[in-house]
There are 2 protein chains.
Amino acid sequence: MTDDDFLLLNPGPVPVREEVLAAMGEPMVSHRSADFEAVYERAQDGLDYVFECSTPDGESTSAGGTSIVLNGTATMGMEAAVANLVGDGDEVVSLVNGKFGRRFARIAERYTDEVVRVDADWGESIDVADVEAAVSDDTALVTTVHNETSTGLVNPTEAVGEVAAEHDARFVVDGVTCIGGAEFRVDDWNVDVALTDAQKAIETPPGISAMYLADGVEEHLDGESAPFYEDLDWHLRKAGQHQTPFTSAVPLFRALAVAVEGIESETMPTRIERHRRQAAAFREGFVGMGLDLFSNPDGESELSNTVTAIALPESIRGDADDFFDAVAERNVSISGGQAHLGGEIFRVSNMGSLSDEQILRGVRTVGEAMGDAGVDVDLEAGLDAAEAELE
Amino acid sequence: MTDDDFLLLNPGPVPVREEVLAAMGEPMVSHRSADFEAVYERAQDGLDYVFECSTPDGESTSAGGTSIVLNGTATMGMEAAVANLVGDGDEVVSLVNGKFGRRFARIAERYTDEVVRVDADWGESIDVADVEAAVSDDTALVTTVHNETSTGLVNPTEAVGEVAAEHDARFVVDGVTCIGGAEFRVDDWNVDVALTDAQKAIETPPGISAMYLADGVEEHLDGESAPFYEDLDWHLRKAGQHQTPFTSAVPLFRALAVAVEGIESETMPTRIERHRRQAAAFREGFVGMGLDLFSNPDGESELSNTVTAIALPESIRGDADDFFDAVAERNVSISGGQAHLGGEIFRVSNMGSLSDEQILRGVRTVGEAMGDAGVDVDLEAGLDAAEAELE
């Protein structure tokens with residue numbers, strides 16, 4: 001691996017192993033064949049492991065549930081969860097402190113007029129007291145984004161889940177950019193539906209996503225209230241036969257089966273530790289060279305172990321093309337800020353089984369590109385700090 | 001190519017060329033990169049050709065329109081078209097003489113209470129007089145399936161489009177299992193939205209689909225009335241930048257770009273003629289050996305040039321496992337009937353750039369399997385009749 005190789009550090013799609021890419025090249029089969037059903041079953045078995053055992057000690061945190069694969073990205077999963085669990089007039093409480101939290105609220109507004117947003121500035125923590133004030137026995141559903149990709153902040157899912165459970169509200173959690181790389185606890189956090197995407201910490205090409213329905217939530221589903229393509233009663237019925245209601249994206253399901261088997265081989269505890277260590281190296285590397293973290297967690301929030309958001313220095317804020325161009329010239333792909341954070345921050349991901357050398361290359365690339373853009377950073381101090389975390 | 005090779009004759013997913021499969025194996029890039037935008041633009045250019053020039057002489061039948069790619073199969077496209085064009089209370093007239101026509105009606109029923117079905121028995125022709133009686137100036141939308149995959153019948157799209165246009169109703173046409181392999185005329189048939197799927201005559205692996213919006217229909221779209229994931233205003237806006245609103249299925253878009261470029265190289269007139277000739281060979285082959293076609297076109301209907309449906313002989317109807325097993329033992333995959341046609345018919349496709357030898361192998365396989373199942377057929381007569389069509 002030389003510095004000339006393309007290095008993908010976006011928070012999705014992430015780099016994918018050769019073995020996973022190769023799985024897509026097999027000749028086509030029918031999505032109603034036994035061949036395909038075996039692929040779907042392998043994907044479900046691996047997803048069950050990932051959804052249930054994402055703990056530092058590998059212990060299961062779910063008394064039972066069902067993994068299903070959706071032929072659409074995680075936004076479709078977010079919509080499917082909301083649309084099957086609420087009807088017009090039902091109250092939804094949506095936590096919003098980033099782009100994906102806002103997306104959940106916007107989706108909910110298509111299905112009910114009663115959406116209560118609990119807001120915080122993007123990059124700031126949600127106040128659990130605000131959630132307590134918003135959720136009542138009238139609340140049908142609470143939505144949150146566990147790992148907010150737009151800001152690199154982990155929201156207080158455990159505490160919010162307790163509030164939801166106290167009021168017998170369903171709890172849907174977007175774990176899209178953390179599940180497969182970070183701790184996630186289904187029953188301990190009172191999660192009814194957990195969502196992830198193939199193209200994030202699961203390390204599969206984009207196009208499909210996965211959902212875990214904890215036991216019992218199926219009683220609350222109403223597939224008829226949802227879009228036809230997102231009817232979860234139908235999806236669950238077909239998933240029992242290792243099929244999807246409509247045609248499946250056969251190559252992507254094959255890739256997913258290989259990818260989740262890889263996760264099971266590596267084990268979740270090893271992956272969680274790797275992501276924790278590499279995210280710390282990114283953070284310490286950037287801070288060590290003189291940059292500032294964007295997010296300000298307090299209370300029950302934390303910084304993400306899969307996505308790092310850094311404030312662009314004052315001197316290039318709002319006009320950072322030179323910086324981003326200098327990164328791209330080095331054959332590295334990173335992300336800017338989304339929505340009103342465009343021009344305010346940059347973001348890197350450590351999902352996708354990166355080597356420690358690739359993490360250091362990311363730190364070095366950002367430091368050099370800052371220099372090219374006229375920002376004075378101490379690259380060596382940053383690299384030293386990152387290396388110290390990786391040891 | 002030996003008889004031991006797996007031969008996929010299902011009406012989707014269809015066999016895919018090596019070059020198309022190989023395109024999926026490239027390393028991942030961001031769906032917001034210039035690299036990806038170039039892929040999407042290639043796919044759009046090729047789709048423009050297919051949607052606009054599907055004529056025996058290659059002439060365009062559209063004064064203009066926009067091709068977009070959806071990150072979901074054609075059922076998502078069917079729903080997106082309906083949901084963006086009607087709101088509650090709007091009247092939809094849906095033509096139903098097969099599974100996919102019924103699907104359109106069921107989708108429409110999720111968006112309005114005013115769905116009028118124009119029915120015919122599955123496999124029988126829709127009576128255009130019934131359509132004339134059903135459509136009025138109050139009709140917002142007419143839906144039809146041009147090539148009904150479940151029965152192998154081509155519906156009278158031109159005549160129905162005239163009725164829709166007379167009443168200024170929008171006209172949405174499912175061309176899923178014909179576009180790319182058969183004649184399709186946008187303006188001549190007054191089509192506002194045409195749908196196809198990657199995995200049918202476009203010869204791409206399943207998981208994504210495409211839509212052609214004729215110029216002017218955008219004024220009638222209301223993305224807010226549709227599911228969040230299917231908001232066509234948003235899709236159109238992003239398609240102008242060669243992007244999708246959410247993450248794109250990068251490998252499948254790459255495959256699609258290669259596949260549609262292959263169609264452009266072969267040209268639509270050549271493809272239409274090939275599909276016409278090979279479908280005739282299937283029909284004559286099966287009839288020649290003593291089997292009966294399932295569909296009974298009359299009036300303005302025709303038999304399909306991409307999908308052939310054959311009635312199972314009386315002696316094995318309802319219990320045709322021996323026949324289907326004998327086909328599978330020969331390493332060939334065909335389809336049974338769907339919904340209430342299960343046990344009544346079998347179906348084969350000639351989509352997917354099959355060779356004439358593969359068509360003849362399909363005829364021979366069915367004839368031999370009929371023999372194994374105790375049905376007396378004249379295989380040699382069938383093969384002779386098929387060969388005569390292929391000459």
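The values are calculated or read from the model by the stated rules, or taken from the named source; none is laboratory data. Bear in mind that the values here come from a model prediction, so they are computed numbers and not experimental data. No Cβ is skipped: glycine too gets one built from the backbone with ideal geometry, and neighbour counts run over all protein chains shown. Remember, those area values only see protein heavy atoms, side chains included, never the ligands or the DNA or RNA. Shrake-Rupley method; radii C 1.70, N 1.55, O 1.52, S 1.80 Å.
Using only Cα atoms, what is the ratio of the radius of gyration of region B:153-233 to 2.2 N^0.38 Å?
Region B:153-233 yields a ratio of 1.16.
Roughly how big is region A:192-347's charge dipole about its Cα centre, with Cβ charges of +1 (Lys, Arg) and -1 (Asp, Glu), in debye to the nearest 20?
Rounded to the nearest 20 debye, it is 640 debye.
At what distance in nm do the modelled label points of residue A:167 and residue A:296 sit from each other, each positioned 7 Å from its Cα along Cα→Cβ?
Placing both labels 7 Å along Cα→Cβ, they lie 2.7 nm apart.
Over the protein assembly as shown, give the accessible area per residue in Å² for a 1.4 Å probe, as an integer.
Accessible surface, normalised per residue, equals 34 Å².
Can you list the residues, at least 5 places off or on another chain, whose amide H is less than 5 Å from the amide H of residue B:96, using H built in the peptide plane?
So residue B:96 has HN proximity to B:118, B:119, B:120.
With r defined as the distance between the Cβ atoms of residue A:121 and residue A:22 and R0 fixed at 35 Å, what FRET efficiency is calculated, to the nearest 0.05?
For residue A:121 and residue A:22, the calculated efficiency is 0.20.
May I ask you to report, in nm to one decimal and beginning with the shortest, the distances from residue A:34 to the same position in the other copies, taking label points 7 Å along Cα-to-Cβ?
5.2
Could you work out the helix-only [θ] at 222 nm for chain A, with each DSSP H run of four or more residues adding -39,500 (n - 2.57) and the total divided by the number of residues, to the nearest 500 deg cm²/dmol?
Calculated from helices alone, the mean residue ellipticity at 222 nm is -12000 deg cm²/dmol.
Say a label goes 7 Å from Cα toward Cβ at residue A:325 in every copy; what distances in nm does this one have to the rest, shortest first?
Once sorted, the set of distances for residue A:325 reads 7.0 nm.
Could you give the spread of the C-alpha atoms of region B:43-194 along their three principal axes, from largest to smallest, in whole angstroms?
For region B:43-194, the Cα spread along each principal axis is 38, 29, 29 Å.
Under 5 Å between amide hydrogens, which residues at least 5 positions from residue A:171 or on another chain qualify, with H placed 1.01 Å from N in the peptide plane?
Those qualifying (amide H under 5 Å, at least 5 residues apart or on another chain) are A:142, A:192, A:193.
Residue-wise, which Karplus ³J(HN,Hα) couplings in Hz belong to region B:78-95, taking 6.51 cos²θ - 1.76 cosθ + 1.60, θ = phi - 60°, and x for glycine or proline?
4, 5, 4, 4, 5, 5, 7, 9, 10, x, 4, x, 6, 8, 10, 10, 10, 8
I'd like the orientation of helix B:379-390 relative to chain B: the angle between its Cα long axis and the longest Cα principal axis, in ° from 0 to 90, rounded to 10.
Between the helix axis and the principal axis of chain B, the angle is about 40 degrees.
Dipole magnitude of region B:18-266 about its Cα centre, charges +1 at Lys/Arg Cβ and -1 at Asp/Glu Cβ only, in debye to the nearest 20?
1080 debye
Starting from the Cα coordinates of region B:232-349, work out the convex hull volume and express it per residue in Å³.
Taking only Cα atoms, region B:232-349 has a hull volume of 211 Å³ per residue.
Among B:235, B:146, B:220, whose mean-square fluctuation peaks in a Gaussian network model of chain B (Cα, cutoff 10 Å)?
Checking each option, the largest mean-square fluctuation is seen for B:220.
If I model a spin label as a point 7 Å beyond the Cα along the Cα-Cβ vector, how far apart are those points for residue B:357 and residue B:218 in nm?
4.9 nm
For the pairing of chain B with chain A, what total accessible surface becomes buried, with a 1.4 angstrom probe, in square angstrom to the nearest 100?
Summing both chains' loss of accessible area gives about 3400 Å².
Can you pull the accessible area of residue B:287 for me, 1.4 Å probe, Å² to the nearest 10?
60 Å²
Which FRET efficiency, nearest 0.05, do residue B:133 and residue B:63 yield, Cβ-Cβ r, R0 30 Å?
The pair residue B:133/residue B:63 has a calculated efficiency of 0.50.
Suppose we take every Cα in the protein assembly as shown and form the convex hull; what volume per residue is that in Å³?
Per residue, the Cα convex hull of the protein assembly as shown comes to 151 Å³.
From the P(r) of chain B, could you give the percentage of C-alpha pairs in the tail past 35 Å?
Percent of Cα pairs beyond 35 Å in chain B: 25.
Setting aside same-chain residues fewer than 8 positions from residue A:200, which lysines have a Cα under 30 Å from its Cα?
A:99, A:238, B:200, B:238
So which trypsin sites (Lys or Arg not before Pro) in region A:255-321 are both in a DSSP loop and have at most 16 other Cβ atoms within 10 Å of their Cβ?
A:317
Calculated FRET efficiency, residue A:340 and residue A:378, Cβ-Cβ r, R0 25 Å, to nearest 0.05?
0.25
Going by a 1.4 Å probe on protein heavy atoms, which residues of region A:6-20 end up with at least 40 Å² less accessible surface in the whole assembly than in their chain alone?
A:13
Would you tell me the mean number of C-beta atoms belonging to other protein chains that fall within 10 Å of each C-beta in B:222-231, as a whole number?
Rounded to a whole number, the mean comes out at 5.
For chain A, give the percent of accessible area contributed by carbon and sulfur heavy atoms, probe 1.4 Å, rounded to a whole number.
40 percent
Please name whichever of B:30, B:177, B:304 sits farthest to the positive end of the charge dipole of chain B, dipole taken about the Cα centre and charges placed at Cβ: Lys and Arg +1, Asp and Glu -1.
B:30
If each label sits 7 angstrom from Cα along the C-beta direction, how far apart, in nm, is residue A:165 from its counterparts in the other copies?
Copy-to-copy label distances at residue A:165, shortest first: 6.3 nm.
Give the Kirkwood hydrodynamic radius (Å, one decimal) of region A:295-349, defined as one over the mean of 1/r across all pairs of different Cα atoms.
Computed over region A:295-349, the radius equals 12.2 Å.
At most 16 other Cβ atoms within 10 Å and a DSSP loop assignment: could you name the trypsin sites (Lys or Arg not before Pro) in region A:63-167 that fit?
none
Step through the residues of region A:318-332 one at a time and calculate ³J(HN,Hα) from phi using the Karplus curve (6.51 cos²θ - 1.76 cosθ + 1.60, θ = phi - 60°), rounding each to whole Hz and writing x for Gly and Pro.
Values, residue by residue: x, 8, 9, 4, 4, 5, 5, 5, 5, 5, 4, 4, 8, 6, 10 Hz.
Quick one: which bits of region A:197-212 get at least 40 Å² less accessible when the partner protein chains are in, versus the chain alone, with a 1.4 Å probe?
Buried by 40 Å² or more upon assembly, which counts only protein chains, are A:206.
Please give the charge dipole size of the protein assembly as shown, origin at the Cα centre, charges +1 on K and R Cβ atoms and -1 on D and E Cβ atoms. Round to the nearest 20 debye.
Here the protein assembly as shown has a charge dipole of around 1140 debye.
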